[in-house]
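K.L.:
Could you have a look at this structure, given as structure tokens, before my questions?
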Amino acid sequence: LHGDGSVRSGESVTRAIQRLLDFATLQKVQLLGVMFNCAEPEAITRAFEQIHSNDKVRNLLDDKGIILGAYANRLTSIYSDWTLEGSEEAQPMRKDLSPQQYFDEFISTWVRDLGVQMVGGCCGITPEHISYMHSHLFLD
């Protein structure tokens with residue numbers, strides 16, 4: 001995701017989801033979830049906010065029983081034109097995303113306010129982050 005919550009192609013996340021749902025229907029594939037992976041948690045929040053504020057997309061997801069989820073990373077920001085091929089070194093880790101901060105500033109909002117049902121972590125999210133999430137989420 002880009003920092004504004006759009007997908008890497010520049011397309012809005014809501015348009016990308018509509019196209020994904022159309023493609024799945026055409027191919028007779030049952031989607032179970034829409035997940036955002038290995039992106040900054042701020043960008044993921046923006047994407048979820050766009051989905052949450054779009055009644056059409058939200059209703060399509062609800063009607064089909066498709067859940068939302070995210071595995072954010074703890075990497076520093078990348079430029080919008082970044083490519084893996086052009087990368088010369090590993091992306092540095094953020095120092096401002098402790099397990100408590102990740103949960104308090106992102107995970108709890110995603111789950112409580114934006115309807116996200118599957119959460120975890122990607123690059124730089126540690127076992128301590130996952131343990132903190134586990135101990136602070138209401139598990140059924």
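K.L.:
Could you please find all residues in segment 80-92 being touching a residue at least 12 places away in the same chain (Cβ under 8 Å) and either open to solvent by less than 70 Å² (accessible area, probe 1.4 Å) or over 18 Å from the mean Cα position of the chain (by Cα) (or both)?
P.N.:
Gln91, Pro92 - these are the residues of segment 80-92 that are touching a residue at least 12 places away in the same chain (Cβ under 8 Å) and either open to solvent by less than 70 Å² (accessible area, probe 1.4 Å) or over 18 Å from the mean Cα position of the chain (by Cα) (or both).
K.L.:
Which of the following residues is among the polar types (S, T, N, Q), modelled with pLDDT under 95 and open to solvent by 70 Å² or more (accessible area, probe 1.4 Å): Ser53, Ser9?
P.N.:
Every option except Ser9 fails the conditions.
K.L.:
Name every residue in segment 56-79 that is surrounded by fewer than 10 Cβ atoms within 10 Å (Cβ to Cβ) and either small (Gly, Ala, Ser) or within 17 Å of Asp4 (Cα to Cα) (or both), in order of residue number.
P.N.:
Within segment 56-79, just Tyr79 meets the criteria.
K.L.:
Which of the residues that make up segment 16-50 are within 14 Å of Trp110 (Cβ to Cβ) and open to solvent by 70 Å² or more (accessible area, probe 1.4 Å)?
P.N.:
Those that are within 14 Å of Trp110 (Cβ to Cβ) and open to solvent by 70 Å² or more (accessible area, probe 1.4 Å): Met35, Asn37, Arg46, Glu49.
K.L.:
For Glu128, state whether it is modelled with pLDDT under 95, farther than 22 Å from Glu11 by Cβ, of a type in the set (Asp, Glu) and exposed (fewer than 13 other Cβ atoms within 10 Å of the Cβ).
P.N.:
Criteria not met by Glu128.
K.L.:
I'd like to check something: does segment 95-109 contain any residue that is modelled with pLDDT under 95, open to solvent by 60 Å² or more (accessible area, probe 1.4 Å) and either closer than 22 Å to Leu32 by Cα or aromatic (Phe, Trp, Tyr) (or both)?
P.N.:
Scanning segment 95-109 turns up no residue that is modelled with pLDDT under 95, open to solvent by 60 Å² or more (accessible area, probe 1.4 Å) and either closer than 22 Å to Leu32 by Cα or aromatic (Phe, Trp, Tyr) (or both).
K.L.:
Same structure again: Name the pairs whose Cβ atoms lie under 6 Å apart, with the first residue in segment 108-134 and among the aliphatic types (A, V, I, L, M), the second in a helix (DSSP H, G or I) and open to solvent by 60 Å² or more (accessible area, probe 1.4 Å), and 6 or more positions between them or separate chains?
P.N.:
Leu114/His52
Here's the yes/no breakdown for (1) touching a Gly at 6+ places or on another chain (Cβ under 6 Å); (2) among the acidic types (Asp, Glu); (3) touching a residue at least 24 places away in the same chain (Cβ under 8 Å):
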| residue | (1), (2), (3) |
| --- | --- |
| Asp4 | no, yes, yes |
| Val13 | yes, no, yes |
| Ala24 | no, no, no |
| Leu31 | no, no, yes |
| Asn37 | no, no, yes |
| Thr45 | no, no, yes |
| Leu61 | no, no, yes |
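The values are calculated or read from the model by the stated rules, or taken from the named source; none is laboratory data. Just so it is clear, the model here is predicted, and its values are computed rather than measured. In this analysis, Cβ positions are derived from the backbone assuming ideal geometry, glycine residues included, and neighbour counts consider all displayed protein chains. Only protein heavy atoms, including side chains, enter the accessible area calculation; ligands, DNA and RNA are left aside. Shrake-Rupley method; radii C 1.70, N 1.55, O 1.52, S 1.80 Å.
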